[in-house]
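None of the figures in this text is laboratory data; all of them are computed from the coordinates on show. These figures come from a predicted structure and were not determined experimentally. Neighbour counts run over all protein chains shown; Cβ positions are idealised from the backbone, glycine included.
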Amino acid sequence: MAPRNTRWTRAVDHLKREWQIYLMLLPTIVWFIVFLYKPMYGLQIAFKDYSIFRGVANSPWVGLEHFETLFSNDQFFRAVYNTIQISALNLLFGFPAPIILALMFNEILHATYKKTAQTIVYLPHFISSVIIAGIVITAFSPTAGIVNTLLGWLGIDPIYFLTKPEWFRPIFVGTGIWQEAGFGSIVFLAAIAGVNPSLYESAVVDGANRWQMMWRITIPCILPTILIMLIIRIGNIMEVSFELVILLYQPATYSTADVVNTWVYRQGLQSGQYDLAAAAGLFNAVVAFVLVMAANSLSRRFSRTSLW
Amino acid sequence: MRKLSLAAAILAATALHAPAYADGHLQIVEGDPLELTIQMNHARYPVYKEDWPVEQQAREWTNIHLVDVTVGANMTSDSENTGRTEALNLMLASGNIPDIVGSSRIKDFVNQYGPEGAFMPLNDLIEEHAPNLKAFFDEKPHIRSALTAADGNMYYIPYLPDGKYGRAYWIRTDWLDKLGLDVPETVDEYEAVLRAFKTQDPNGNGEADEVPFFARQWPEFIRLVTLWDGRSSGSDTYHDFMVVDGELQHPYAGEGYRDGISNLARWYAEGLVDTEVFTRGSSARDFLLSENLGGSTHDWFASTSGYNRLSSEIDGFAFKAFAPPASVSGKRIEEHRRIPIKPDGWAIGGFNKHPVETIKYFDFWFTEEGRRLANFGVEGMHYDMVDGKAIFKQEFLDAGPVNRSLYQVGSQLQGRGYFQDYNYEIQWSNEFALEGIALYDEGDYLIDQFLGVAFNPEEQKVYDKYWGSVRDYMLERQQAWILGSADVMAEWDDYQAQLEKLGLSQVLEVMQSAYNRQYSN
């Protein structure tokens, strides 16, 4: 029989045997096509003078006009810079937080205490951003806020935190950690649970203490998970959760708080310039793509762990 | 046809309700009611309701029945009304444009998409089929100018507010009495009063916790630059352009503004203004007045006067309007007023098969009966005619906030093109509001407003390209100056240079050309 034929029959055999798995895959594929691939058709409006009424296909082409507008705008570059800066801070402080949390949970032996502590740190993840922003605004209020009350006890004059550009990033990154670190620790806890227990048993026999076991066994074993999460995180570096920024920023703090997405929201969506917004979005996506590729190849070279 | 209309008239004469109008002179179509689809979306009434008493009355009179097909109904209530714009965009993107589209913030939308064919130009329709609208516009040519798009056509029939007064200065007069002070007549006296509120403990709790000046919207605090002959906006929209002797200017580039901001920064540093003015938000008035902390503000007549009900809880509480204090040069102006034409209203969809009937229907709301229906609800149900005037029934006035009750029966809809009748509001304004309005009527404090321009596509492009950045920069510096992180006097020249660099003069140029085209005749 010809080799092609063999391959064909093998594929059919494979499908017959494993069709349930492919069936389970199907909804995800459909989701990808409908919500991620089909909308890519609309990306072309970044190069068009888009009118909702004329539609995507019938709007006239304008070439790179929208990109010229973007790149001639200082505020756009400031927004890019702010986005990267906030994301870098997020990466620096926000990325280790769930790992540390997971390691700490792993060391708790008392089951009830552990579950209670986990529930408390997961909880903020389920609160809507609007309410989070309300809590933050109240907590940092110069007259009624808990933060300024505590500072008052130390003899420090109230600070109007939310109008100070230098305070925006710490508050924003801190809020993000408080909200997401607990929930983010779940994936690391799962990785820790997958570590082979016999490694710990033999370590105990060899007289290792808990600290040594964490450094020598747990962390090396979950390193692939950490690296994959890091690559994904780097891919999202251009995406700062802009609802929270919009809820917390003020014109007074634009200089540090205005990120690409909020800039696009103000310039693009509020005044109906969808084409310009699409151009900024495309720019974002290209930058994120380059970053993911770079992170992935670095990871592959140095640790043999990679997304693909 | 003659016979048929006679038959219809006889039929109508024997109809159930409203015998006064039974002659059917308001009827637009004969026979079966004509159904027209409508998209209507507003923060207060997300979709058009076919069982509103006002709709039913209009249907009976005109024989036109509006069917709700609203998509993207959005309750988001933000000052920029982005929620409504989103609903309109969604409607347009879906490709189905109903026969009638009504919304707040519809003006720019129809002016942009009307010329592309999404909405019908109304000029000829009005000329030929809408005598009441025609008469209205002939009498008020500036309204017609303000409505006209860059291509010379009108694409929507606006909601036209009536009455002059919007916001006023308010002060705790009982605090003034307690401290032995007079109502401030000048900016210096106003400053002295605010300082006394801060330092002399008028609420008597032994703490300097009073908030002398507060505002629900922080731009109301910026509006105080008028006390130093500056301006904060040319219309009832914040940060808007203004017209000075036929020339477009932006208030945030003027020297009075500079001096005003410099002084307001001083007030802010001294604690005469709410420390949290930029973040306290819409609950500021409610919170600070009920907690007996707030001293003075700049806010709407009707809603603010209502807080005098607090006198039952706070001994002696009196919050009254006072005339705008004289500025440094002695001018008394009230910058805010009701604008005579809003960017809200309704338009005819581009695929409407009955444009003539639709414009006649729009015209119906400008007849005497239609206008009363749009303002007061249904006769006998919500109001009675007394000496030729519509007077609300007592039980309707007692049923809670009257404007809310009216929205619920389908009156006072800002997604409908109609001419408001201020009498509707006078009937439920309390004595403090009426007293304040009388005070403002005595002096001539109001100033002319900029009614907006309609850009052609080229002008629109220039405006879109530059204005967002200019505006962001203006607001950013404004807050920085007030909060004391920079000094307006020291920075002013740099500020002007930066505005120039960001393209303010290009924006002003296109606004001027649009303005000249629109208002020259």
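General remarks:
- In terms of Cα atoms, the Rg and Dmax of the protein assembly as shown work out to 31.8, 111 Å.
- Set of lysines with alpha-carbon distance to residue B:164 below 17 Å, sequence-local pairs under 8 removed: B:140, B:342
- Within straight-line cross-link reach of residue A:38, aspartates and glutamates at Cα separation under 18 Å, skipping those fewer than 8 residues along the same chain: A:275
- DSSP-assigned coil residues among GluC sites (Glu not before Pro) in the stretch B:200-272, each with at most 16 further Cβ atoms within 10 Å: B:207
- Karplus (6.51, -1.76, 1.60) ³J(HN,Hα), θ = phi - 60°, over the stretch A:70-86, in Hz, Gly and Pro reported as x: 4, 7, 9, 10, 4, 5, 5, 5, 4, 5, 4, 4, 4, 4, 5, 5, 5
- Ascending count of other beta-carbon atoms within 10 Å, so fewest first, for B:129, A:66: B:129, A:66
- Assuming charge only on the beta carbon of Lys and Arg (+1) and of Asp and Glu (-1), the dipole of the protein assembly as shown about its Cα centre is about 4260 debye to the nearest 20.
- Each part gets one Cα centre, and for the stretch A:109-183 versus the stretch B:182-252 those centres are 33 Å apart.
- Average Cα contact separation per residue, chain B, under 8 Å, 6 or more apart, as relative contact order %: 21
- Shape category assigned to the stretch A:74-303 from the gyration tensor of Cα positions, a/c cut at 1.5: oblate
- Mean Cα-pair separation over length for the stretch A:74-303, i.e. relative contact order, pairs under 8 Å, 6 or more apart, %: 30
- Distant-in-sequence amide contacts of residue B:67, defined by a placed amide H-H separation under 5 Å and a gap of 5 or more residues or a different chain, comprise B:36, B:37, B:38.
- The distance from the alpha carbon centre of the stretch B:433-511 to that of the stretch A:1-60 is 50 Å, rounded to a whole number.
- Only DSSP H runs of four or more residues enter the estimate; each adds -39500 (n - 2.57), and after division by the residues of chain A the mean residue ellipticity at 222 nm equals -21000 deg cm²/dmol.
- Rounded to the nearest whole Hz, the Karplus-based 3J(HN,Hα) values (6.51 cos²θ - 1.76 cosθ + 1.60, θ = phi - 60°) of the stretch B:393-400 follow the sequence 5, 4, 5, 6, 5, 7, 7, x, with x at glycine and proline.
- The amide H of residue B:273, built 1.01 Å from its N in the peptide plane, has B:213 as neighbours under 5 Å, considering only residues 5 or more places off or on other chains.
- Secondary-structure-derived ellipticity at 222 nm for chain B, considering helices only, amounts to -12500 deg cm²/dmol, per-run term -39500 (n - 2.57) for DSSP H runs with n ≥ 4.
- Each residue of the stretch B:349-357 is assigned a 3J(HN,Hα), and the resulting list reads x, x, 9, 4, 8, 10, x, 5, 4 Hz, derived from the Karplus form 6.51 cos²θ - 1.76 cosθ + 1.60 (θ = phi - 60°), x at Gly and Pro.
- Taking Cα atoms only, the orientation of helix B:187-199 departs from the longest principal axis of chain B by about 70 degrees.
- Of all lysines in the structure, those lying under 24 Å Cα to Cα from residue B:501, and not within fewer than 8 positions of it along the same chain, are B:461, B:465.
- For the stretch A:58-175, averaging the sequence separation of C-alpha pairs within contact (under 8 Å, six or more residues apart) and dividing by the residue count gives a relative contact order of 18 percent.
- When A:83, A:138, A:119 are sorted by how many other C-beta atoms sit within 10 angstrom of their C-beta, beginning with the fewest, the order is A:119, A:138, A:83.
- Estimated inter-spin distance, residue A:21 and residue A:74, nm [label 7 Å along Cα→Cβ]: 5.8
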